[in-house]
Amino acid sequence: MKKFFVIGNPIEHSLSPKLHNYWIKSNNLKAVYDKKKLDISELEYLIKEVKEKKIDGINVTVPFKNSVIPFLDKLSSEAQKTQSVNTIHLKDGIVIGDNTDIEGFKLAIKNTNYDIAGKNILILGAGGVSPSIIVALNNMNAKKIFLSNRTQSKAENLKKTFNEIEIIEWGKIPDFDMIVNATSLGLKKDENIVLDYSKISSEKFFYDVTYNPSETNFLKSAKRNGNKIENGKKMFIYQAQASFKIWNNIEPKVDDKVMELLN
Ligand code: ATR
C-alpha cells in the first residue's frame, strides 16, 4: 500500500486528499493519500521517512514550500528557480523536490484558450505562489510582467531572481491585458482589493489563484465590468495531476466528475 501526504499548517481546508483519493480509486491503485498538519520542526523527520521508503510522496503547501528545501537532496530546475517545492518523491535513493504549480498554472490558462504570448500581465502579490506564476508566464512568452505588492520590499526581493519584472507601487495600475490576484485577499468573503475599475477598460482577463470562494469580489467586480474571469480551481487540479503523474506514472483524467468533486 503506497502512502501519500499533503503537509501544511493549517491543513484542514486542503482538498488534495479528496482529489488524489478519487484518482487512486479510479485507477485501481493500492494507495492512500492523507493530510498532515505539521510544525516546521517536524519537516526533517518526515523527509527522512521518504528516504526510508515509508512515505511514497508528499505534497507541500503553505507555509512550507520554501522551508522544506534544506532537507531535500535535489531540486528540479523549476523548484530551483522558484525556490518553491510542492511535490516530493524518491528516485534512485535521492529525495527530489519538484514544483508542479508552474505546470498547473500553464495548463489552466491553456484550458481557457487565452494566449499569453505578447501580453502585458500585472501580478498582485509577492507571496509563495508568485514565483511559479512568473516562470509560467515567461514560459508562455508574456511580453511584460508587472508586479505589485503591499510590502514593496518583498516585490524588490523577487526582482533579484526575476530581473525582467517591473515593480509597480501598490494601488497603481499600469496598462495591462491580464491581471493575476496572487495575494490571499479574497479568501474571506468580505475582503476586497481596491482597484479603480473606471481606469480599467473591459475585455481584460482577470485571474484569481483563489478558488474557494469560487468568485472572489475581485472576480465579481471584473465580471460586472465586462471582463473575462477565471478562478484557481483548474490550476489546483492540474498541479495535482502533475504530482500524481510523477508518483504513479499515470496521467489521471480531469473530467466533469473531478470538477464536481471540488464544488
Ligand atoms: P507568504 O507571504 O507567507 O508567502 P502568502 O499567503 O503566500 O504568504 O502571500 C500573501 C500575499 O498576500 C502577500 O503578497 C501579501 O502581501 P504582503 O507581502 O504585503 O503581506 C498579500 N496580502 C495579504 N493580505 C493583504 C492585504 N490585506 N492587503 C494587501 N495584500 C495582502
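The values are calculated or read from the model by the stated rules, or taken from the named source; none is laboratory data. Just so we're clear, the structure is a prediction, and the values are computed from it rather than from any experiment. All Cβ positions, even for glycine, are placed from backbone atoms using ideal geometry, and neighbour counts span all protein chains on display. For accessibility, only protein heavy atoms count, side chains too; no ligands or nucleic acids. Shrake-Rupley method; radii C 1.70, N 1.55, O 1.52, S 1.80 Å.
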Discussion item. Within region 53-63, does at least one residue satisfy the condition of being away from the ligand (no atom under 16 Å from the Cβ), buried (at least 17 other Cβ atoms within 10 Å of the Cβ) and more than 19 Å from the chain's Cα centre (by Cα)?
Written reply: yes
Worksheet entry | Selection within region 103-120 - within 16 Å of the ligand (Cβ to nearest atom) and either hydrophobic (A, V, I, L, M, F, W, C) or touching a Cys at 6+ places or on another chain (Cβ under 6 Å) (or both) | F105
Item to complete: State which residue is nearest to F218 (Cα to Cα) when the search covers only region 178-189 and only residues that are open to solvent by 20 Å² or more (accessible area, probe 1.4 Å) and not basic (K, R).
Response: L185
Worksheet item: If you take the residues of region 1-31 that are assigned to a strand (DSSP E or B) and open to solvent by less than 60 Å² (accessible area, probe 1.4 Å), which of them is farthest from F236 (Cα to Cα)?
Response: A31
Worksheet item: Are there any pairs with C-beta distances below 6 angstrom linking a residue in region 152-177 that is of a type outside the set (S, T, Y) and open to solvent by 70 Å² or more (accessible area, probe 1.4 Å) to a residue that is more than 10 Å from the ligand (Cβ to nearest atom) and at pLDDT below 95, with the two at least 6 apart or on different chains, and if so which?
Response: none
Practice prompt. Please enumerate the residues belonging to region 219-251 that are among the hydroxyl-bearing types (S, T, Y) and either modelled with pLDDT under 95 or farther than 21 Å from I24 by Cβ (or both).
Written response: S221
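Residue by residue, here is whether (1) surrounded by fewer than 16 Cβ atoms within 10 Å (Cβ to Cβ); (2) away from the ligand (no atom under 16 Å from the Cβ); (3) modelled with pLDDT of 95 or more holds:
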| position | (1), (2), (3) |
| --- | --- |
| G93 | yes, yes, yes |
| G97 | no, yes, yes |
| L122 | no, no, yes |
| A126 | no, no, yes |
Worksheet entry | Filtered residue count, region 134-151, keeping only those that are within 11 Å of the ligand (Cβ to nearest atom) and surrounded by 21 or more Cβ atoms within 10 Å (Cβ to Cβ) | 3
Discussion item. Take S84 and tell me if it is loosely packed, with under 14 Cβ neighbours inside 10 Å, polar (S, T, N, Q) and within 16 Å of the ligand (Cβ to nearest atom).
Written reply: no
Worksheet item: If you check V194 against the conditions, is it without any contact (Cβ under 8 Å) to a residue 24 or more places away in the chain and within 16 Å of the ligand (Cβ to nearest atom)?
Response: yes
Worksheet item: Applying the selection to region 152-189, what residues are within 12 Å of the ligand (Cβ to nearest atom) and part of a loop (DSSP other than H, G, I, E, B)?
Response: W170, G171, A182, T183, S184, L185, G186, L187, K188
Worksheet item: Which of (1) modelled with pLDDT of 95 or more; (2) within 23 Å of Y114 (Cβ to Cβ) does T161 not meet, given it meets every other one?
Response: (2)
Worksheet item: Got at least one residue in region 110-119 being under 17 Å from the mean Cα position of the chain (by Cα), not acidic (D, E) and not assigned by TED's automatic domain parsing to the domain that holds S184?
Response: no
Worksheet entry | Any hit, region 169-184, residues being out of contact with any helix residue (DSSP H, G or I) (no Cβ under 9 Å at 6 or more places or on another chain), at pLDDT below 95, hydroxyl-bearing (S, T, Y) and closer than 18 Å to D101 by Cα | yes
